[in-house]
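Since the structure comes first, as C-alpha cells, the remarks are kept for the end.
The values are calculated or read from the model by the stated rules, or taken from the named source; none is laboratory data. Keep in mind that what you see is a predicted model, and the values were worked out from it rather than measured. In this analysis, Cβ positions are derived from the backbone assuming ideal geometry, glycine residues included, and neighbour counts consider all displayed protein chains. Side chains are part of the model used for accessible areas, which takes the heavy atoms of the whole protein and leaves out ligands, DNA and RNA. Shrake-Rupley method; radii C 1.70, N 1.55, O 1.52, S 1.80 Å.
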Amino acid sequence: MKLAGKGFTMENLNFTYVLSQIFTILMYILMGWTYLIKTKRKIVIVSMFSLIANFIAYILLGAWTGLAMCIVAMLRNLYILWDEQKHGKRKVNEKRDYVFLVLVYLGIILATIPTYEGFFSLLSVFATSIYTYSIWQKSTKIYKFCGIPVGILWIAYNAYVRSIFGVILEGILLIVSVFGYIRELKGNKK
C-alpha cells in the first residue's frame, strides 16, 4: 500500500491504513511521555520505542524516506545512549561529538538516496537533520527553538504520506514546542 503523493479517498481507508494510524497514535503517546521523564537515559529508551512504532506506521503507509529516517534516528539514539553511559554527561561537545554529527548526516544522506520519492519525501530528511542538530547541542534553548521548524516539517511530511493522526498529533507537539520556547526565552530574561 502506498498513499504517499496520492489523494486520500475512502477507498484508501482500509485495515492497513487504520493500523498505521494506531501505530502513529502509539508513537505520539510514547513521544509525549518523554516530556515527562527526567533522565536523558530513560528519555532515549522511551524514544526508541516511539521510533519503533513510527517505523511500523511508515511501513504500513509506504513512506519509505520517513522509514529510513526512523532507522537513522534509532542508530543515532543508540549512540547517544552508549556515549552517555561510557563518558557521562558533558556540558561541551568534544571531537568525537563532531565526528558523530558528521556520521549521522552522512547516514541521513545515504538513507535518502534509495528512498527518494520527490521533493516532499525530503521533508522527513530536513526534519531529522534539524532534530539531530538540536539534540547534538548542549543548549535547551536551541533544542526548543529547533522543535518549531521540526514540527512544521513533520506536519507537512505526514500530510504528504496522508497520516491524519500524524498531522493532528504533530500539530499539538508544534504548539507545545512554541510554548516551550517562549517559556525558555522568558526564563532567560529573569
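Laid out as a table, the results:
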quantity	calculated
Enumeration of residues in the stretch 78-134 that are farther than 30 Å from S163 by Cα and in contact (Cβ under 8 Å) with a residue 40 or more places away in the chain	E84, Q85, K89, R90, K91, V92, N93
Inter-residue pairs, beta-carbon under 7 Å, first at positive phi and in the stretch 42-62, second open to solvent by 60 Å² or more (accessible area, probe 1.4 Å), 6+ apart	G62/M1; G62/K2
Matching residues, the stretch 154-190, being polar (S, T, N, Q) and surrounded by 12 or more Cβ atoms within 10 Å (Cβ to Cβ)	N158, S163, S177
T34 open to solvent by less than 80 Å² (accessible area, probe 1.4 Å), within 14 Å of the chain's Cα centre (by Cα) and at pLDDT 95 or above	no
Flag for Y143 being aromatic (F, W, Y), open to solvent by less than 50 Å² (accessible area, probe 1.4 Å), part of a helix (DSSP H, G or I) and closer than 23 Å to L30 by Cα	no
I43 over 20 Å from L123 (Cα atoms), modelled with pLDDT under 90, open to solvent by less than 80 Å² (accessible area, probe 1.4 Å) and under 16 Å from the mean Cα position of the chain (by Cα)	yes
